[in-house]
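For reference, the structure is listed below as structure tokens.
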Amino acid sequence: MSLLGTIGVLVGIVLIILLSAKGIHITIAAPIATIVILLMNQMDIMEGMLGTGATNFMGSLGNYVMNYFAIFLLGSILAKLMEKSGATVAIADTILSKIGSDNPYLVMVAIFVISVILTYGGISLFVCMFAVIPLARPLFKKLNVSWHLIQLPVWLGIATITMTMLPGTPAIQNVIPMKYLGTTLTAASVPSILASLGAVAFGLAYMKITLNRSIAKGDQYDTYIEEKGADIIDRELPPFISSIIPLLVVVILAIGGSTFGNDYIQSNIIYFALLIGIILSIILFRNFIPNMGATLSEGGLGSIGPIFATSLAVAFGAVVMGAPGFQAISDMILKMPGGPLISLTVLTALMSGITGSSSGALGIVMPTYAEHYLAAGLAPQLIHRVAAIGSNILTVPPHGGAMITFLAISGLNHKNGFKEGFIIVTGAAIVAQIIMIIVGGIMF
């Protein structure tokens with residue numbers, strides 16, 4: 001039975017990846033793959049799918065939505081206000097004007113910087129893709145740089161340091177561990193900063209090497225694509241200072257509240273920070289958004305798709321972890337040589353790859369294994385950051401929602417738009433994790 005169950009888990013994982021890669025939405029792919037696992041593990045299908053327990057599909061889905069919907073809602077509204085007002089474009093234009101648009105590598109660095117600023121300010125990576133990729137297209141075309149390289153600066157900017165590494169980042173991946181460890185957004189600040197520097201160093205070096213290799217091959221803008229997309233339409237934009245104020249306030253409040261606040265403030269500062277960012281955006285951008293009510297409604301509706309896609313991935317992963325066949329895999333990971341930090345890294349990375357979501361992985365691993373690692377003597381701050389960065393390692397698999405969205409926006413496909421992005425994110429996260437484990441192990 002245990003062997004059949006383990007095979008069933010592996011079959012379910014492969015199935016959800018294949019279905020997602022074929023364009024089947026997670027709302028269909030996750031239940032189908034879950035039912036396969038339940039059948040092959042001889043589990044009760046009705047209980048497994050409709051039960052309210054932590055390892056049941058609907059129970060896990062509902063629990064995730066209940067715990068994190070507020071973050072998704074506030075972040076989505078802030079992002080929509082920034083997008084509709086043109087503030088994201090204003091920020092991007094200002095940075096590009098300072099760095100220049102004649103040097104291909106510097107243009108890619110500028111796109112990375114823009115993506116970092118937006119996501120560190122609380123803009124979701126999905127919205128950041130919609131804002132940045134259209135801005136980059138005419139620059140790549142003007143410089144005749146292969147369009148498939150857009151994956152390098154975008155993924156490095158939205159899916160590494162501002163997602164799991166930098167202290168104070170309002171990303172959901174930095175919020176989830178707090179609930180189970182009693183930590184703050186600035187957990188393990190010093191090793192986190194060093195890990196972030198290591199990730200950026202790797203990413204920028206790999207970006208330079210890949211760009212030079214592409215130029216040496218004679219790649220041109222349209223080598224891997226057919227021309228798609230239109231240039232950006234000119235419009236009146238808010239001033240740069242007004243555009244960036246809401247994002248700066250979110251970051252300052254998140255870091256300040258996590259560092260100096262009492263227990264209540266530390267636990268809830270992210271909600272206050274995002275809410276104040278929204279209020280400032282409404283005030284500062286009121287003359288640049290024709291219909292404020294419609295924009296707020298659109299932002300609210302925009303939160304529903306991402307949270308349910310993530311919660312479906314979490315629900316699938318929860319059933320995986322509750323299946324008898326997963327026990328052998330779990331035991332092997334928890335007992336692997338190298339100590340608890342290594343096993344925590346492998347566990348979160350594996351769950352991220354399975355669910356196609358780093359937040360999904362943390363939503364599964366933290367409630368199930370946080371106590372195990374605390375009992376092993378690890379400091380909560382170290383568990384927080386190691387788990388977060390570990391979830392970053394396989395966060396852009398072929399079936400991940402973020403990857404599928406990126407390919408749709410960029411006009412690329414898995415053949416020409418996956419490999420380099422996967423390498424830069426995974427490589428940066430591995431470098432960061434090595435630094436975190438070494439430095440964090442010394443400090444904690």
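Between residue 18 and residue 236, the simple spin-label model (points 7 angstrom out along Cα→Cβ) gives 5.6 nm.
Which FRET efficiency value, to the nearest 0.05, do you get for residue 333 and residue 179 by plugging their Cβ-Cβ distance into 1/(1 + (r/R0)^6) with R0 = 22 Å? Walk me through the intermediate numbers first.
Values: r = 23 Å, r/R0 = 1.03.
Efficiency computed from Cβ-Cβ geometry: 0.45.
In terms of Cα to Cα distance under 28 Å, which lysines are near enough to residue 142, apart from those fewer than 8 places away along the same chain? Correct list for residue 142: 84, 98, 208, 217, 228, 415, 419. Summarising the overall dimensions of region 32-158 from its C-alpha atoms, the Rg and Dmax are 20.8, 62 angstrom. Placing a pseudo-label 7 Å from each Cα along the Cα-to-Cβ vector at residue 39 and residue 190 gives an inter-label distance of 5.5 nm.
Ratio of Rg to Rh for region 330-388: 0.93 [Cα atoms; Kirkwood radius as inverse mean 1/r over pairs].
Excluding ligands, DNA and RNA, the accessible surface per residue across the chain is 39 Å² with a 1.4 Å probe. Relative intensity of region 161-216 on a log10 scale, I(q)/I(0) at q = 0.19, 0.26, 0.29 Å⁻¹, equals -0.67, -0.95, -1.07, per a Debye sum over C-alpha point scatterers of equal strength in the absence of solvent. Of the two radii for the chain, the radius of gyration is 0.96 times the Kirkwood radius, both from the alpha carbons; that is the Rg over Rh value.
Could you work out which residue, out of 261, 168, 302, moves most in a Gaussian network model of the chain, that is, has the largest mean-square fluctuation with Cα springs under 10 Å? Its mean-square fluctuation being the largest, the pick is 261. Here region 202-300 has an Rg and Dmax of 20.9, 58 Å, counting Cα atoms alone.
Between residue 288 and any residue 5 or more places off or on another chain, the built amide H atoms are never under 5 Å apart. One quarter of the surface of the convex hull around the alpha-carbon atoms of region 74-218 equals 8.9 nm², the direction-averaged projected area. Relative contact order of region 339-444, taken over Cα pairs closer than 8 Å and 6 or more residues apart, is 31 percent. Kirkwood analysis of region 251-303, using all unique Cα-Cα pairs, places the hydrodynamic radius at 12.5 Å. If you run the Gaussian network model on the chain, springs between alpha carbon atoms under 10 Å, then out of 330, 76, 391 the most flexible one is 330.
Taken as Cα centroids, region 67-91 and region 100-161 sit 18 Å apart, rounded to the nearest whole angstrom. Over region 390-444, one equal point on each Cα, no solvent: what is log10 I(q)/I(0) by the Debye formula at q = 0.25 Å⁻¹? One equal scatterer on each Cα of region 390-444 leads to -0.91. Quantify, in whole percent, the carbon and sulfur part of the accessible surface of region 151-306 (1.4 Å probe; protein heavy atoms only). The C+S portion of the solvent-accessible surface of region 151-306 is 65 percent. The relative contact order of the chain comes to 26 percent, based on Cα pairs under 8 Å that sit 6 or more residues apart. In region 1-66, the alpha-carbon atoms span a convex hull of 77 Å³ per residue. The solvent-accessible area of residue 263, taken with every protein chain present and a 1.4 Å probe, is close to 120 Å². Once each part is reduced to its C-alpha centroid, what is the distance from region 230-292 to region 2-45 in angstrom? Computed from Cα coordinates, the inter-centre distance equals 40 Å.
Among 156, 166, 38, the largest mean-square fluctuation in a Gaussian network model of the chain, built with springs joining Cα atoms closer than 10 Å, belongs to 38. Listed by number, the DSSP H helices of the chain that run 20 Å or longer by alpha-carbon position along their axis and have mean Kyte hydropathy of at least 0.0 are 2-21, 26-40, 57-85, 104-120, 125-143, 189-217, 240-260, 263-284, 304-322, 340-355, 358-375, 419-443. Semi-axis lengths, largest first, of the ellipsoid equivalent to region 364-418 are 34, 10, 8 Å, with √(5λ) applied to each eigenvalue of the Cα gyration tensor.
The values are calculated or read from the model by the stated rules, or taken from the named source; none is laboratory data. Model, not experiment: these values are computed from the prediction. Don't worry about glycine lacking a Cβ; one is built from the backbone with ideal geometry, like all the others, and counts go over all protein chains shown. Surface areas here come from the heavy atoms of the whole protein model, side chains and all, with no ligands, DNA or RNA. Shrake-Rupley method; radii C 1.70, N 1.55, O 1.52, S 1.80 Å.
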